Amino acid sequence: MKIAFSNLACPEWSMEEVFSHAAEFSFDGVEIRLLDGNVIPSDLDRTTCTRIVKLAREANVEIVGLGASTKFATYDERQRKFNVDELLRYLELANQLDVPMVRTFGGGIDVGVGKTEAVHYVADALAQVAPRAVELGVSVLLETHDEFSHSAMVREVVNKVNSPIIGALWDTHHPYRMGETIEETYRNLQSALQHVHIKDARWNGDSWDLVVFGEGEVPVRNIVRKLIEEGYNRYVCIEWERKWHPEIEPALTALPKHLRILKQYLNKL
């Protein structure tokens with residue numbers, strides 16, 4: 001199992017700082033969601049792509065994935081088509097950056113749209129991008145997030161597409177807050193699981209607060225145990241979402257702290 005972090009943790013860092021700190025802290029990889037503090041655009045110019053690849057190689061840190069914001073669970077066919085085209089652009093960007101996967105969302109479900117219909121919309125969209133994904137060798141991973149936080153819905157989409165290039169990303173917080181057990185989530189995702197976002201959080205009565213591993217309600221240690229028991233040997237990515245929650249601890253201290261705790265779990269288990 002290798003360990004990465006999402007640069008959502010450090011919106012104030014340049015790409016140079018992202019990779020230099022990744023190497024300094026001894027991370028294996030970085031997942032890119034931001035560039036210069038904003039969501040990385042799908043139409044990034046070739047010069048910037050070349051610079052990012054060079055920085056990663058010099059730091060000996062792998063770029064493990066790109067985070068797209070595409071979503072498809074809407075009855076609006078034009079909106080779905082726009083998001084299909086955007087996801088295709090992210091696949092091309094991933095190819096330029098020599099990145100093995102792009103994350104996508106299913107999205108919120110429109111009022112009046114049933115879950116079965118929403119699953120169909122998402123599966124149809126991912127089936128449209130699958131041929132190009134195969135050509136480029138870039139996986140597309142549907143995350144347990146928003147209305148698709150229930151792992152069974154992610155499983156249904158992946159099964160309907162029925163392509164090895166379309167897989168699942170387990171965000172450990174969201175199925176937990178939906179009331180799923182670790183065993184239930186893993187059982188639903190196991191055949192398609194290619195990446196894990198790992199974080200801890202605590203319910204404050206109105207919303208969830210992100211906290212350091214072991215200080216919240218998400219059973220992070222037991223999730224790591226389950227992954228070890230099942231022989232999972234891909235990346236786990238620490239997702240410390242300071243971009244969306246600027247009040248939480250800065251990455252310069254939070255990332256080493258998370259990495260140390262996660263390595264302790266791995267060593268003890």
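Checking each residue in the range 142-187 for being under 13 Å from the mean Cα position of the chain (by Cα), open to solvent by less than 10 Å² (accessible area, probe 1.4 Å) and under 19 Å from LYS115 (Cα atoms) picks out LEU142, GLU143, THR144, SER149, ALA168. Screening the range 197-207 for residues that are farther than 13 Å from LEU262 by Cα and touching a strand residue (DSSP E or B) at 6+ places or on another chain (Cβ under 7 Å) and picking the one that is most open to solvent (accessible area, probe 1.4 Å) gives ARG202.
In the set (1) outside any helix (DSSP H, G or I); (2) touching a residue at least 60 places away in the same chain (Cβ under 8 Å); (3) closer than 22 Å to VAL129 by Cα, GLU147 fails one condition alone, (1).
Can VAL134 be described as modelled with pLDDT of 95 or more and crowded, with 17+ Cβ neighbours inside 10 Å? Before you say what the answer is, go through the steps one by one.
Details: modelled with pLDDT of 95 or more: yes; crowded, with 17+ Cβ neighbours inside 10 Å: no.
So VAL134 does not fit the description; no.
Considering only residues in the range 231-269 that are basic (Lys, Arg) and over 18 Å from VAL196 (Cβ atoms), the one that is most open to solvent (accessible area, probe 1.4 Å) turns out to be LYS268. Taking the criterion of being touching a Pro at 6+ places or on another chain (Cβ under 7 Å), open to solvent by 10 Å² or more (accessible area, probe 1.4 Å) and outside any helix (DSSP H, G or I), no residue of the range 1-36 qualifies. When residues in the range 205-239 are screened for being more than 15 Å from ILE182 (Cα to Cα) and either touching a Phe, Trp or Tyr at 6+ places or on another chain (Cβ under 7 Å) or aliphatic (A, V, I, L, M) (or both), 6 of them pass.
I'd like the full set of residues that are among the β-branched types (Val, Ile, Thr), assigned to a loop (DSSP other than H, G, I, E, B) and in contact (Cβ under 8 Å) with a residue 40 or more places away in the chain, limited to the range 103-142.
Initial filter on the range 103-142 (among the β-branched types (Val, Ile, Thr)): 104, 109, 111, 113, 116, 119, 122, 129, 134, 138, 140.
Imposing the further condition that a residue be assigned to a loop (DSSP other than H, G, I, E, B) reduces the set to 109, 111, 113, 138.
Answer for the range 103-142, where residues must be among the β-branched types (Val, Ile, Thr), assigned to a loop (DSSP other than H, G, I, E, B) and in contact (Cβ under 8 Å) with a residue 40 or more places away in the chain: VAL113, VAL138.
Among residues of the range 208-230 that are surrounded by fewer than 16 Cβ atoms within 10 Å (Cβ to Cβ), those with a Cβ under 8 angstrom from a residue that is among the basic types (Lys, Arg) and assigned to a strand (DSSP E or B), sequence gap 6+ or separate chain, pair up as ASP209/ARG202; GLU215/ARG202; GLU217/ARG202. Of the residues ILE261, ILE248, the single one that is β-branched (Val, Ile, Thr) and in a helix (DSSP H, G or I) is ILE261.
Across the range 70-118, which residue is surrounded by the most Cβ atoms within 10 Å (Cβ to Cβ) among those that are small (Gly, Ala, Ser) and within 17 Å of LYS160 (Cβ to Cβ)? The qualifying residue surrounded by the most Cβ atoms within 10 Å (Cβ to Cβ) is GLY106. Is there a residue in the range 152-163 that is in a helix (DSSP H, G or I) and in contact with a His (Cβ under 7 Å, 6 or more places away or on another chain)? No: zero hits.
The values are calculated or read from the model by the stated rules, or taken from the named source; none is laboratory data. A quick note: this is a predicted structure, and the numbers were derived from the prediction, not measured. So basically every Cβ, Gly included, is an ideal-geometry build from the backbone, and we count neighbours across all protein chains shown. For the accessible areas, the whole protein counts, side chains as well, though only heavy atoms, and no ligand, DNA or RNA atoms are used. Shrake-Rupley method; radii C 1.70, N 1.55, O 1.52, S 1.80 Å.
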